[in-house]
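Heads up, the thing below is written out as structure tokens.
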Amino acid sequence: MNLLKIGLDKKKFSIFEKKNIYSIIVILLIFLMDRYSKMKILDNLNQETIYVNSFINFDLIWNTGIGFGLFDHNTALIYNSLTLIIGFVLLALIYIAIFSEKIDTFIFSIIIGGALGNFYDRLRLNAVPDFIDIHYMNFHWFTFNVADIFITLGIITFLLKDFFIKKNEK
């Protein structure tokens, strides 16, 4: 996909195109699932950790960085700069999704839905609540949330799709 050509080959654009309506629905569903899960955790997490089973706990952590807690800082300048960059990336993803092919639009919609959920938290709560703690014995994966699941699924799907399509073209 040539990002410079996206949108330039399109003569007309309508938000009411079928693929764009589906994309909006996917984005809203993912955003609402993320909001619901975070509201439930914030309303019901009265104790330090909720034990689910031997591999998963719910443990609330406030993330002021980006994915997996990278660039987690307590300074307003870094937090606000990251939030601004994330906002621009979200706008770029929306633009790219609008002018992409159907399958790419769907994949970008999954990423946008998750990113929008975390971006909303950054603006409203000044941090992103992460609460899913997957572990095995003493090894703990990074704590994450529902939005992170969709962002990761979208990125992996995009990379796999791109890898297999490029492989088939050769």
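The values are calculated or read from the model by the stated rules, or taken from the named source; none is laboratory data. Note that the structure is a prediction, hence the values are computed from the model and not measured. All Cβ positions, glycine included, derive from the backbone under ideal geometry; neighbour counts span all protein chains shown.
When the helices (runs of 4 or more DSSP H) confined to region 69-170 are screened for residues that are among the polar types (S, T, N, Q) and closer than 23 Å to F58 by Cα, those reaching at least 1 such residues are found at 102-125, 146-169.
Answer yes or no: is there a residue in region 67-75 that is surrounded by fewer than 18 Cβ atoms within 10 Å (Cβ to Cβ), more than 17 Å from G154 (Cβ to Cβ) and β-branched (V, I, T). Yes, region 67-75 contains a residue that is surrounded by fewer than 18 Cβ atoms within 10 Å (Cβ to Cβ), more than 17 Å from G154 (Cβ to Cβ) and β-branched (V, I, T).
Here is a yes/no grid of residues against (1) under 25 Å from H73 (Cβ atoms); (2) at pLDDT below 95:
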residue	(1), (2)
I110	no, no
Y120	yes, no
N126	yes, yes
F131	yes, yes
Y136	no, yes
F139	no, yes
I149	yes, no
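Look at region 91-119: where a residue is touching a residue at least 60 places away in the same chain (Cβ under 8 Å) and among the small types (G, A, S) and a partner is surrounded by 20 or more Cβ atoms within 10 Å (Cβ to Cβ) and in a loop (DSSP other than H, G, I, E, B), sitting 6+ places away or on another chain with Cβ atoms under 9 Å, you get G114/N145; G117/N145. Selection of first residues in region 21-33 that are more than 13 Å from G154 (Cβ to Cβ) and of second residues that are among the hydrophobic types (A, V, I, L, M, F, W, C) and part of a helix (DSSP H, G or I), restricted to Cβ pairs under 7 Å at least 6 apart or on distinct chains, gives the following pairs, ordered by first then second residue: F31/L116; M33/V146. Cβ separations smaller than 6 Å between residues 6+ apart or across chains give no pair from region 73-87 residues that are on the phi > 0 side of the Ramachandran plot to residues that are assigned to a helix (DSSP H, G or I) and loosely packed, with under 12 Cβ neighbours inside 10 Å. Among all positions in region 43-62, there is no residue which is closer than 27 Å to F106 by Cα, touching a Phe, Trp or Tyr at 6+ places or on another chain (Cβ under 8 Å), surrounded by 10 or more Cβ atoms within 10 Å (Cβ to Cβ) and at pLDDT 80 or above.
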